[in-house]
Every structure is written in structure tokens, then in C-alpha cells.
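To start, the structure under review is shown below, and the notes come after it.
What follows draws every value from the coordinates through simple rules; no lab data is involved. What you see is a predicted model, and the numbers here were worked out from it, not measured in a lab. With ideal geometry, Cβ positions are generated from the backbone for all residues, glycine too; neighbour counts draw on all protein chains shown.
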Amino acid sequence: MGRILLLAIAVLLASFSGCSEEETPTRESIKLFNTRDEAVRQYIKNEPNNGIVVSLSLADGAEFLLSKDRQKVYYLGQLVQKGNQTGAERITPGFKFDGEWVKWEIDSLEDRTYTVKLSKESTDQGTYLKELDIWVVIEEGRHQNSAPDIMPVNAILSYKVLGTELYVPGAA
């Protein structure tokens, strides 16, 4: 009986060791560059499969980087300022969705919380990113469990395509 219990514990521990979550970088651990352009170039270079990268400027001054690779996996990163230097780092693992929409909460590198919603359907409050063929809403705060009839307040002021030169639409 003791051997079986010991074996069960060993199997359980072994299964947990393979389930580590991708760690979110801290503001202090991000590599900084002298210019914003250098930080963006390095971010694009490090992104999987060199996909499309779009900068999303928010009302509170935050700047997120939404990207989609050739396998249609989405990632969210962030540009941060520290003194006169700029860094860029991915803050979410990759995710792929085949449904009509996906919504989740994130913590920024400044420890602010946002709710991000991506949709393949048109939304009045969303920002349409034609390069990614997706509607995006980013709300300040936690809104994951908001009632469906509450209209979200989209914090996105503008967006700009930063990297598509290495991306070939329709390529597998």
C-alpha cells in the first residue's frame, strides 16, 4: 500500500512539473533601447513567425502590441518607457480562437488591469483592425463577468501597423 501511494505521489509530482505557466515579465526585467523604433524592431524580430504587429494606443497612455502569426495565433505585448528608454515585451501567451469572440483580463507591466475582447463579428464599440481581420475592445479594469447588456467603454484611441514586411498573407 505504501509503495502504491509513493508511486501515485511521484506520478502526480511529475505531471505538475510539466505544467508551468509562461511567466509574465516584470517592468524591471525588460530589455531597454535608446529609441522606440529599436524596441519595436526587436519585438517584431522576436515574435513567432514574424507576423503582423499592430500598436494600440489607449486613453490612459498605455500602448499595447497585438500580433497574429501565420498560424493565426494572437499575442499581446506592451511598449513601456523607463526614463529616456523604451522596451517592448509580450505579456500574454499565444492563443488561437475559432469561435466568434474571446474575452480575458490581463495585468499590464505597470500593474494595471484591462479586459481585452477580440471578435470576428462587428461591434459598435470595437476598433476594427483590417490587417488582423478582427474587432478589438480594451477596457480599463476587470470586466470579464460584466452583464451582457452593459456597453463596454473602449479605451483604444488609435492604432498603427508596425510590422508586416515579413508577413505574407495567406501563407501557411
Net charge around Val73, counting only other residues with Cβ within less than 12 Å of its Cβ (Lys, Arg = +1; Asp, Glu = -1)?
+2
Farthest toward positive dipole pole in the stretch 72-162 [+1 Lys/Arg, -1 Asp/Glu at C-beta], among Thr113, Val137, Tyr74:
Tyr74
Here are some pairs, Lys31/Lys130; Lys72/Lys160; Lys31/Lys68; which of them have Cα atoms lying more than 28 Å apart in this structure?
Lys31/Lys130
In a shell of Cβ-Cβ distance under 13 Å around Ala59, excluding Ala59 itself, what net charge do Lys and Arg (+1) and Asp and Glu (-1) give?
-3
Within the set of other residues whose C-beta is less than 14 Å from the C-beta of Glu121, count the net charge using Lys and Arg as +1 and Asp and Glu as -1.
-1
Pop a pseudo-label 7 angstrom from the Cα along the beta-carbon direction at both Thr113 and Thr35 and give the gap in nm to one decimal.
3.9 nm
Pulled fully out, how much extra length does the chain show between Thr123 and Ala59, if you take 0.36 nm times their separation in residues and subtract their Cα-Cα distance?
21.1 nm
According to the square roots a ≥ b ≥ c of the eigenvalues of the Cα gyration tensor, what is the shape class of the stretch 90-136, taking rounded for a/c under 1.5, prolate for a/b larger than b/c otherwise, and oblate for the remainder?
prolate
